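Just below is one structure, and these are the notes that go with it.
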Amino acid sequence: MDWPHDPDGDKGSEGRRKYGHAVLAKKVDEEEDFPFTASEYVEQYGDHPVRIDYDRVVSVEDIFDEIDESTEFEDFPDFHRVLGSALRDKDYWPYRLESA
């Protein structure tokens with residue numbers, strides 16, 4: 001895919017130092033951006049790359065494709081909860097919790 005910027009550059013995953021959730025969260029200003037909808041986020045960042053792990057890069061749009069576009073994020077905890085579920089559902093979450 002032809003990305004609007006280098007997935008590992010300063011606008012992306014910062015030289016592979018930031019992955020998944022961190023890349024998505026750094027696009028949001030907690031003081032100014034909330035509330036917003038999933039469709040607004042995808043409209044602005046949909047073609048941006050997100051490094052999932054050391055060898056996989058996907059688009060923001062790919063991560064959000066299972067999230068209802070009318071979903072509204074009221075604050076950061078809400079944003080993280082919905083994105084965490086989406087990342088796990090798409091198997092983009094590199095960590096697994098073992099059930100007791």
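The values are calculated or read from the model by the stated rules, or taken from the named source; none is laboratory data. In this text the structure is predicted, and so the values were computed from the model without any measurement. Methodologically, a virtual Cβ is constructed for each residue, glycine included, from the backbone with ideal geometry; neighbour enumeration extends over all protein chains shown.
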Where residues in region 1-38 are surrounded by 16 or more Cβ atoms within 10 Å (Cβ to Cβ) and touching a Ser or Thr at 6+ places or on another chain (Cβ under 7 Å), which of them is farthest from PRO77 (Cα to Cα)?
PRO7
Which residues, taken from region 1-23, are within 15 Å of the chain's Cα centre (by Cα) and of a type in the set (Gly, Ala, Ser)?
GLY12, SER13, GLY20, ALA22
Scanning region 39-76 residue by residue, those more than 23 Å from PRO4 (Cα to Cα), touching a strand residue (DSSP E or B) at 6+ places or on another chain (Cβ under 8 Å) and surrounded by 13 or more Cβ atoms within 10 Å (Cβ to Cβ) turn out to be THR71, GLU72, PHE73
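Table: residues versus (1) of a type outside the set (Val, Ile, Thr); (2) touching a residue at least 60 places away in the same chain (Cβ under 8 Å); (3) under 19 Å from TYR92 (Cα atoms).
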| residue | (1), (2), (3) |
| --- | --- |
| LYS18 | yes, no, yes |
| LEU24 | yes, no, yes |
| ASP29 | yes, no, no |
| ALA38 | yes, no, yes |
| GLU43 | yes, no, no |
| TYR54 | yes, no, yes |
| GLU61 | yes, no, yes |
| ILE67 | no, no, yes |
| GLU74 | yes, no, no |
Qualifying positions in region 41-93 - in a loop (DSSP other than H, G, I, E, B), farther than 22 Å from LYS11 by Cβ and in contact with a helix residue (DSSP H, G or I) (Cβ under 8 Å, 6 or more places away or on another chain):
GLU66, ILE67, ASP68, GLU69, SER70, THR71, LYS90, TRP93
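Just name the residue that is farthest from GLU32 (Cα to Cα) out of those in region 48-64 that are of a type in the set (Asp, Glu) and at pLDDT 95 or above.
Just the residues of region 48-64 that are of a type in the set (Asp, Glu), to begin with: 53, 55, 61-62.
If we keep only those that are at pLDDT 95 or above too, we end up with 61-62.
On the way: GLU61: 22, ASP62: 25 Å.
So, considering only residues that are of a type in the set (Asp, Glu) and at pLDDT 95 or above, the one farthest from GLU32 (Cα to Cα) is ASP62.
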When region 48-76 is checked residue by residue, the ones that are in contact with a Pro (Cβ under 9 Å, 6 or more places away or on another chain) and closer than 19 Å to ASP29 by Cβ are HIS48, VAL50, VAL60, GLU72, PHE73, GLU74, ASP75
